[in-house]
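Note sheet for the following structure.
The values are calculated or read from the model by the stated rules, or taken from the named source; none is laboratory data. None of the values given here were measured: they were computed from a predicted structure. Glycine gets a Cβ as well: all are built from the backbone with ideal geometry, and neighbour counts include every protein chain shown. Side chains are part of the model used for accessible areas, which takes the heavy atoms of the whole protein and leaves out ligands, DNA and RNA. Shrake-Rupley method; radii C 1.70, N 1.55, O 1.52, S 1.80 Å.
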Amino acid sequence: MASSSCHRYLSVTPLFSTKLHFSSPRRTSLPVNRRSISVSATMASPTKKVLIPVAHGTEPFEAVVMIDVLRRGGADVTVASVENQVGVDACHGIKIVADTLLSDVTGSVFDLIMLPGGLPGGETLKNCKPLENMVKKQDTDGGLNAAICCAPALALGTWGLLEGKKATCYPVFMEKLGATCATAVESRVEIDGRIVTSRGPGTTMEFSVTLVEQLFGKEKAAEVSAPLVMRPNPGDEYTITELNQTKWSYDSSPQILVPIADGSEEMEAVAIIDVLRRAKANVVVAALGNSLEVVASRKVKLVADVLLDEAEKNSYDLIVLPGGLGGAEAFASSEKLVNMLKKQAESNKPYGAICASPALVFEPHGLLKGKKATAFPAMCNKLSDKSHIEHRVLVDGNLITSRGPGTSLEFALGIVEKFYGREKGLQLAKATLV
């Protein structure tokens, strides 16, 4: 139900803007620079606490990127479920386990409260009175509040926090945003005073790095963003590089296996699952080991659909691996998974990997023999053929590889394009604001 609710609004061509925008402050009589405020605050209080509430129907890519990037920045991030259980069923059938219940942290003080979007998750956040009270107190006390996708309009706007402020949101909510007495703008990320807003899945990484800068300063933001392999021209049409073009076929719907393990990169895993399920592919998320719950590289807890032992019984049109150092090492050590990948390659069926996995899984097991591939920049020295490593998404016949978290949406769209065609890929790129 959550997934279908999301699809009602995530198929609309967005308005576009590629600039980070700072609006002039309205709640102070002094023309001070907001960036210097955030830096000096960092000097006074080095530990920064961040609250990210989640609900059934939360947009999982937005939530996971926010958690991952802020934790990379050194923030103490608490993921709190507003439901009566820590496990939430996010959009597109993705299951996330929160750290705690919101009811357990309502008396806590945070430096930043960040609201993800998604439907019906955004409505649930809006209707959560304890969360509303926390966000309003945060605003009154001069703390940072941030929201993305539908949440600026549904939550911050409805609660009266955007009156007289410039803000942005998911395109189809712009009219509603304007009705809250906010000035609706089309920036990918908008900063007005102590409120930061953004548009949707494809702007979440920019949004999150901006908030790292607000909390910790420019130097930390640059340090965090460098290994993400972010898009140099966000908002431009995505591209893939293809060699030895072959048709990727399927019967009624592509059957896709996404293995995950402790230490898998959560942004990459969720991007792949999220986008491919939007395309209506049948995606099976399989956990290595004996538990469906895995703890990803930045401690996000994801719940798989099945164990790999069960998934092994079926055949797939594509097996695709997320990265993450610990996860890639677990994949490489799994005889069962490696054998599945070898059979896939020998049958000339598609297989793929991103980030560390091409170098740590495919290369040592001979799965890149005669193939061009790319990988996470720091891992490319492990590839025997480095001739095409600079490409963000590279397809060579039945193999697709990519570089890191910042290329994961493009990677997933490349898979969509190979199965469904360029038009479908572009449609989903517009819907997700890539």
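Of the peptides 52-63, 333-344, how do they stack up when ordered by the mean number of other Cβ atoms within 10 Å, highest first? Please list the in-between numbers first.
Numbers: 52-63: 29.8, 333-344: 16.3.
Result, highest mean first: 52-63, 333-344.
Mind checking which lysines have their C-alpha under 22 Å from LYS343, skipping anything on the same chain fewer than 8 residues away?
LYS343 reaches LYS247, LYS313, LYS369, LYS371, LYS372, LYS418.
What number do you get for the chain when its Cα radius of gyration is normalised by 2.2 N^0.38 Å, N = residues? All intermediate terms of the calculation are to be shown ahead of the outcome.
Working: Rg = 21.0 Å, N = 434, 2.2 N^0.38 = 22.1 Å.
Here the answer is 0.95, to two decimals.
Rounded to a whole number of µm²/s, how large is the Stokes-Einstein D of region 126-196 at 10 °C and 1.306 mPa s, given Rh as the Kirkwood radius over C-alpha pairs? Each step should come with its number before you reach the end.
Numbers: Rh = 11.8 Å.
Rounded, D is 135 µm²/s.
Could you order GLU268, GLU237, GLU186 by accessible surface area, starting with the largest, using a probe radius of 1.4 Å? Each step should come with its number before you reach the end.
On the way: GLU268 0, GLU237 120, GLU186 75 Å².
Output order, biggest surface exposure first: GLU237, GLU186, GLU268.
To the nearest 20 Debye, how big is the dipole of region 120-272 about its Cα centre, given +1 on the beta carbon of each Lys and Arg and -1 on that of each Asp and Glu? It would help to have the intermediate numbers written out before the result.
Values: 14 positive and 21 negative charges, 110 e Å.
In total the dipole reaches around 520 debye.
Can you pull out the GluC sites (Glu not before Pro) in region 373-434 that DSSP calls coil and that have at most 12 other Cβ atoms within 10 Å?
Numbers: sites: GLU390, GLU410, GLU417, GLU423; in loops: GLU390.
Within region 373-434, the qualifying GluC sites (Glu not before Pro) (loop, at most 12 other Cβ atoms within 10 Å) are GLU390.
What FRET efficiency comes out for the pair THR183/LYS136, r = Cβ-Cβ distance, R0 = 30 Å, nearest 0.05? Numbers along the way, then the final one.
Values: r = 20 Å, r/R0 = 0.68.
With R0 = 30 Å, the Cβ-Cβ based efficiency is 0.90.
With a 1.4 Å probe and all protein chains kept in place, how do LYS48, LYS137, LYS313 rank by accessible area, largest first? Don't jump to the answer; show the numbers that get you there.
Numbers: LYS48 10, LYS137 120, LYS313 150 Å².
Heavy-atom accessible area, descending, gives LYS313, LYS137, LYS48.
Take region 147-292, compute every pairwise Cα distance, and split them into 10 Å bins from 0; I just need the percent in each bin.
Result returned by the calculation: 10, 27, 30, 23, 9, 1.
About the Cα centre, and with charges only on the beta carbon of Lys, Arg (+1) and Asp, Glu (-1), how big is the dipole of the chain? Nearest 20 debye, please. Don't skip to the answer; put the middle values down first.
Numbers: 47 positive and 47 negative charges, 163 e Å.
Approximately 780 debye in magnitude.
222 nm [θ] for the chain, helices only, -39500 (n - 2.57) per DSSP H run of 4+, per residue, to 500?
Values: 14 runs with 135 residues, N = 434.
Helix-only estimate at 222 nm: -9000 deg cm²/dmol.
Given the peptides 315-322, 165-172, 300-307, arrange them by the average over their residues of other C-beta atoms within 10 Å, most packed first. Could you put the intermediate results ahead of the total?
Working: 315-322: 24.0, 165-172: 25.6, 300-307: 19.8.
Taking the mean over residues of other Cβ atoms within 10 Å, the ranking is 165-172, 315-322, 300-307.
Scan around THR180 for amide H atoms under 5 Å from its own, H built in the peptide plane at 1.01 Å from N, and keep only partners 5 or more places away or cross-chain.
Answer set, sorted by chain and number: none.
Can you order the peptides 68-76, 215-223 by their average number of other Cβ atoms within 10 Å per residue, highest first? Display every interim value, and only then the final one.
On the way: 68-76: 21.1, 215-223: 17.0.
With the highest mean Cβ count within 10 Å placed first, the list reads 68-76, 215-223.
With a bin width of 10 angstrom, please list the P(r) values of region 319-393 as percents of all Cα-Cα pairs, from the 0 bin to the one holding the largest distance.
21, 58, 21, 0
According to a simple spin-label model (label point 7 Å from Cα along Cα-to-Cβ), what is the distance in nm between GLU390 and LYS247?
Using points 7 Å along Cα→Cβ, the separation is 3.4 nm.
How big is the dipole moment of region 371-434 about its Cα centre under a simple scheme where the beta carbon of each Lys and Arg is +1, that of each Asp and Glu is -1, and everything else is neutral? Debye, nearest 20, please.
Numbers: 10 positive and 6 negative charges, 11 e Å.
Charge dipole, region 371-434, about its Cα centre: 60 debye, nearest 20.
Apply the Karplus curve 6.51 cos²θ - 1.76 cosθ + 1.60, θ = phi - 60°, to the phi angles in region 259-266 and return the couplings in whole Hz, x for Gly and Pro.
Coupling constants for region 259-266: x, 9, 8, 3, x, 5, 6, 5 Hz.
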